[in-house]
1. Taking a label point 7 Å from the Cα of D170 along the Cα→Cβ vector, which residues of segment 195-226 have an amide N closer than 20 Å to it?
2. Within the chain, count lysine pairs with alpha carbon atoms under 22 angstrom apart where the residues are 8 or more positions apart or belong to different chains.
3. Among rounded, prolate and oblate, which fits segment 155-208 when a ≥ b ≥ c are the square roots of the eigenvalues of its C-alpha gyration tensor, a/c under 1.5 means rounded, and a/b larger than b/c means prolate?
4. Subtract the Cα-Cα distance of R34 and D216 from 0.36 nm times their separation in residues, and report this length gain in nm to one decimal.
5. Using +1 at the Cβ of each Lys and Arg and -1 at the Cβ of each Asp and Glu in the chain, identify which of P223, T149, G87 lies farthest towards the dipole's positive end.
6. Enter the angle in degrees (range 0 to 90, nearest 10) between the Cα long axis of helix 29-42 and the first principal axis of the Cα atoms of the chain, meaning the one along which they spread out most.
7. Given +1 on the Cβ of Lys and Arg, -1 on the Cβ of Asp and Glu, and no further charges, what dipole in debye does segment 34-142 carry about its Cα centre, rounded to the nearest 20?
8. Cα axis of helix 138-149 to longest principal axis of the chain: angle in degrees, 0 to 90, nearest 10?
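Nothing in this text is a laboratory measurement; each read-out follows from the coordinates by a stated rule. What you see is a predicted model, and the numbers here were worked out from it, not measured in a lab. Cβ atoms come from the backbone with ideal geometry, glycine included; neighbour counts cover every protein chain shown.
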Amino acid sequence: MNPITGLFHSVFKRQRPALDHQLAVGGHWDDVGRGQFAFLVKEGLRIDHYLLDVACGSFRGGRFLIQYLREGRYFAIDKDSSLIEAGIDRVLRPAHLLEKNPQIYKVQLSVEPLDLRVILGARFDYIWVHALFDHISPEVIRRSLHDLTEVMVSGGRFYATIFLNPHGPDFLGSITWPRNGSLDGAIVTFPDREYWHHSLEFFEKVVSEIPELRLDACLDDYPHPLGLKVLRFVRL
């Protein structure tokens, strides 16, 4: 696969319907974008680290990470080429962030194994998975944890936001998540369909299948309007 950054000159010659790149990734463009960056820096991200932004979308958080990291150290994947293209055209290019040589790939996670070592050609100190696990099934999450562990350095950190089901794996009901404390714009999550919620027991079981990976903590200090929690994994 080729980096999208190597193709964007031809991509933008095609006529496409206008895409609202901010609303398409859930809105809250500035506060959630800055919140992602501030959280990772608080968690120890340095300018010389290599970071993989999984489900980067239109670079709501990626724009801050690209600016912060040294040239060529920001990698990103997403399945939606239209979001990537809109983000490159309307976010990265106007801010001259393409000069930082971000490595951006169109990749779709699935239940089929992916050799991300070959696709990306790098290993990462930090992997950031934001607002993805609520959109994909447990089977895809399980496969993705296996595949992403393979591109982590020893001692590397993997962070993923989730809607946490606090009731355990046998809970079959839905959960309502107010937005900034209000039911206006609230999200409802389910155990068997999108938006998904997941239990800690599920992740503990998956990690038990991956000897190199440890579930280190479930963090509740991530400032997100819908109350997302952050799981922190460490490669041993």
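1. Residues 197-206 fall inside that zone.
2. 5
3. In terms of gyration-tensor shape, oblate.
4. Details: separation 182, 0.36 × 182 = 65.52 nm, distance 2.41 nm.
Gain on extension, R34 to D216, equals 63.1 nm.
5. G87
6. Here the helix axis deviates by roughly 80 degrees.
7. Details: 15 positive and 14 negative charges, 72 e Å.
Approximately 340 debye in magnitude.
8. 60
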